[in-house]
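Read through the structure below, which is laid out as structure tokens, and then see the notes.
Just so you know, all these numbers are worked out from the coordinates, no wet-lab data involved. Keep in mind that what you see is a predicted model, and the values were worked out from it rather than measured. FYI the Cβ positions are ideal-geometry reconstructions off the backbone, even for glycines, and counts take in every protein chain you see.
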């Protein structure tokens with residue numbers, strides 16, 4: 001790379017622009033926002049630049065570019081400009097401007113000619129005073145703008161407030177905390193922890209109280225306690241993660257994940273985080289629930305930012321309520337980040353509306369495990385509702401028998417969605433009476449979800465995902481499979 005990204009202060013600096021079209025306009029507006037003094041040479045201007053000229057916000061000489069425009073006696077007296085931009089639709093003129101700038105050792109940006117440019121105006125995400133610049137070194141400004149637009153959705157709108165909050169507390173941290181490692185921990189907590197969360201939410205008074213308490217705790221050498229985040233990872237497709245889930249996954253120092261969290265989602269986690277597998281499958285509970293609850297408390301007491309990453313939603317058959325109950329008793333701060341639950345995600349990707357004016361006005365969720373408990377089977381068989389069964393693959397025969405015995409019509413449409421929302425999704429359509437045989441013939445693999453009700457009949461018309469579905473590669477993924485599996489596991 002023969003370029004060094006830098007940020008220049010252009011306040012009051014003179015910038016010379018050759019060209020008055022739409023490309024020049026875009027560059028001029030960028031420079032004006034930075035406080036530059038703009039002089040333009042062009043036969044004519046766009047309507048927006050004409051308005052700026054009439055408002056005396058830019059100066060302009062009408063006509064073709066001439067080397068004498070940079071004479072010290074000209075309008076940009078008393079010195080040569082700080083920057084030059086060649087933005088005409090004439091490559092010969094642009095080359096003349098570039099040669100002159102090179103002779104005078106003035107940085108120049110030439111539209112659509114990276115080789116003749118000595119600087120580039122990047123695409124910018126602004127969260128004042130935070131500025132994030134994206135450049136392709138002139139190869140593809142459109143790509144830079146696309147990346148800027150996409151990344152902007154991931155950058156908190158209130159990020160500038162966090163930078164200003166940090167500045168207000170900087171001197172106090174430096175003056176009161178002598179150990180470098182302790183200062184680093186405080187900065188990490190401010191940026192990534194509860195304090196930063198409060199600032200981003202506009203609760204700066206509460207954030208400052210928490211900041212004061214944190215600094216005092218280090219001064220008094222008190223034990224630091226971390227925080228736990230129960231995060232829903234959604235049903236499988238990484239692009240169904242919420243922005244908040246992704247932000248917490250990126251800042252967590254320890255991540256406890258279950259088997260429903262895919263490799264693609266784990267690759268989006270903080271590459272320095274410790275991954276701990278705590279998955280559960282039939283007859284294989286790698287970490288019993290009580291031990292898992294204890295781990296969450298222990299890791300928080302060790303000062304970690306702990307992400308408990310669950311497939312689907314933490315509060316839909318995810319035992320999230322049990323986990324935060326233990327955290328509350330232990331005095332550990334926690335947050336819950338909802339995820340798209342399997343019922344919603346898989347049904348959507350299968351083209352099966354859970355509710356529909358002509359089919360179902362209510363939805364009932366049960367689990368295959370609850371089939372062994374006392375259920376009101378007659379209530380589950382009522383008309384105009386959709387029944388969604390989590391973890392029901394192994395209990396499918398007994399569930400079907402109970403439903404039909406209690407009044408469900410044997411020909412009621414039924415679907416089993418296998419590995420929903422992923423590239424391996426398959427939707428198996430049958431009736432309540434024949435779903436088991438269909439599943440046996442298909443050699444189904446978990447995870448699965450079962451949907452029973454007349455809404456299933458809409459699948460043939462509304463199914464959109466499997467046939468010709470594409471799997472876009474996220475430009476935000478980080479880390480390879482080898483890197484992910486190379487992390488230290490407890």
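First check a/c for region 14-121, with a ≥ b ≥ c the square roots of the eigenvalues of its C-alpha gyration tensor; if it is under 1.5, answer rounded, and if not, answer prolate when a/b is larger than b/c or oblate otherwise. Here region 14-121 falls in the rounded category.
Reported to the nearest whole Å, the Cα centre-to-centre distance from region 91-114 to region 394-472 is 64. Taking the helices alone, the chain has a mean residue ellipticity at 222 nm of -10500 deg cm²/dmol, built from -39,500 (n - 2.57) per DSSP H run of at least 4 residues and averaged over all its residues.
Computed from Cα positions, the angle between helix 396-405 and the longest principal axis of the chain comes to roughly 60 degrees. Rounded to the nearest 0.05, what FRET efficiency do residue 377 and residue 118 have when you use their Cβ-Cβ distance and R0 = 51 Å? FRET efficiency, residue 377 to residue 118: 0.10.
For q values of 0.07, 0.11 Å⁻¹, compute log₁₀ I(q)/I(0) with the Debye formula on a Cα-only model of the chain, without solvent. After summing over all Cα pairs, the log10 values are -0.58, -1.00. Using C-alpha pairs under 8 Å with a sequence gap of at least 6, the mean separation divided by the residue count of region 351-462 gives a relative contact order of 33 percent. Short-range pairs are left out: with C-alpha atoms under 8 Å and at least six residues apart, the relative contact order of the chain is 10 percent. The separation of region 208-287 from region 173-205, counted between C-alpha centres, amounts to 19 Å.
What do you get for the angle between helix 289-301 and the principal long axis of the chain? Use alpha-carbon atoms, 0 to 90 degrees, nearest ten. So the helix axis and the longest Cα principal axis differ by about 30 degrees. The ranking of 15, 381 by Cβ neighbour count inside 10 Å, starting from the fewest, reads 381, 15.
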